[in-house]
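Everything on this sheet refers to the single structure shown next.
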Amino acid sequence: MLEATGLGKSYGGTVAVRDLTFTARPGRVTGFLGPNGAGKSTTMRLLLGLDTPDTGTALIEGRPYRQLDDPLRTVGALLDPAWRHPGRTARAHLRWLAAANGLPSRRADEVLALVGLSSVAGKRAGHFSLGMLQRLGIATALLGDPRVLLFDEPVNGLDPEGVHWVRGLLRTLAEQGRTVFVSSHLLPEMEQTAQDLVVIGRGRLIHEGTMAGFLAKAGPREVRVRTPDEAALRTALTERGVVFTEEPGVFHVSEMDSSAVGELAFTAGVTLHELTPLTGSLEQAYLELTGQDTEYPSGGAR
């Protein structure tokens, strides 16, 4: 489990994180979202003991990182895929880390196989592509078989097969009971991967909870209605001044929730075969709820 409580950090006169409180739980993939400059990288550094908070606490399984007895077996992290000695091979890089943390050297080859790098295990990491470095970084995070995992933009530089693989890996790790905390700007990918979300803006918490709860905050985009009584429903909606579009047998009603549409149809004596609220995508909800917290908004963003 990851826990941030009242977390605060400033650099000079710039506030990076302000009174931030959230929890990432075992058995779940928790997405960590926010505009550029929101404080995501600072938060992850505070969780991993790379920076010291000015206020509050950052705990991993109930303890600050620096107090963990066996940190690599407790938490694994990918913050910067370029972190490696360019002259070392992938296998040597991992074996060095394994030796420094009391892990068997065979673990290096096990995680290289897991991330698909066995064929280049003897290649110097300085010649790796960005996608290969990402895989090596993930292997490094998994080296100690930790119970908690933090990934910052883990699919950057990966091809579609690699992105699909990372998605499955994150889900599998969570299904094994691990805490998986992932920061990403790829919202459609996060929508397919995360069950929970922590969303911040300008260092403050905007949302903590389920993916469904975040989408609901932005409000339903429309309600899909299917009926054999098209003329009667069309009349009822028009008389009420409701905005809608239609295709044969199906209406898309805007600015009304499903309960209101159902009550309107009941009053008008209209038979319904379907009444489905359609929420917007994660991207739509994210842009709507974080628009005021964007550090460098494009024209028309506010």
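None of the figures in this text is laboratory data; all of them are computed from the coordinates on show. Model, not experiment: these values are computed from the prediction. Reconstructed Cβ throughout: ideal geometry from the backbone, glycine too, with neighbour counts over all protein chains shown.
A few notes on this one:
- The amide H of Ala16, built 1.01 Å from its N in the peptide plane, has Lys9, Ser10, Tyr11 as neighbours under 5 Å, considering only residues 5 or more places off or on other chains.
- Volume per residue of the C-alpha convex hull in the stretch 1-59, rounded to whole Å³: 74
- Partner lysines whose Cα lies under 18 Å from the Cα of Lys9, excluding those fewer than 8 positions away in the same chain, are identified as Lys40.
- Under the Debye formula (equal points on every Cα, no solvent term), log10 I(q)/I(0) of the stretch 138-293 at q = 0.15 Å⁻¹: -0.86
- Based on DSSP H segments of at least four residues, each scored -39500 (n - 2.57), the chain has a per-residue ellipticity at 222 nm of -10000 deg cm²/dmol.
- Taking all Cα-Cα distances within the stretch 220-279, those exceeding 19 Å account for 12%.
- Residue-wise HN-Hα coupling along the stretch 225-235, computed from phi with Karplus coefficients 6.51, -1.76, 1.60 (Hz; x: Gly, Pro): 10, 10, 8, x, 9, 4, 4, 5, 5, 4, 5
- Amide H contacts for Arg202 (H built 1.01 Å from N in the peptide plane; partners 5 or more residues away or on another chain; cut-off under 5 Å): Ala38.
- A simple count of charges around Glu61, restricted to other residues whose Cβ falls under 10 Å of its Cβ and scoring Lys, Arg +1 and Asp, Glu -1, yields +1.
- Relative contact order for the chain, counting Cα pairs under 8 Å that sit 6 or more residues apart, in percent: 21
- For the chain, the convex hull spanned by the alpha carbon atoms encloses 172 Å³ per residue.
- Among Thr74, His127, Gly116 the positive-end extreme of the charge dipole of the chain (Cβ point charges): His127
- Value of relative contact order over the stretch 220-279, rounded to a whole percent, pairs C-alpha under 8 Å and six or more apart: 54
- When the chain is treated as a Gaussian network with alpha carbon springs shorter than 10 Å, the biggest mean-square fluctuation among Val166, Val15, Val29 belongs to Val15.
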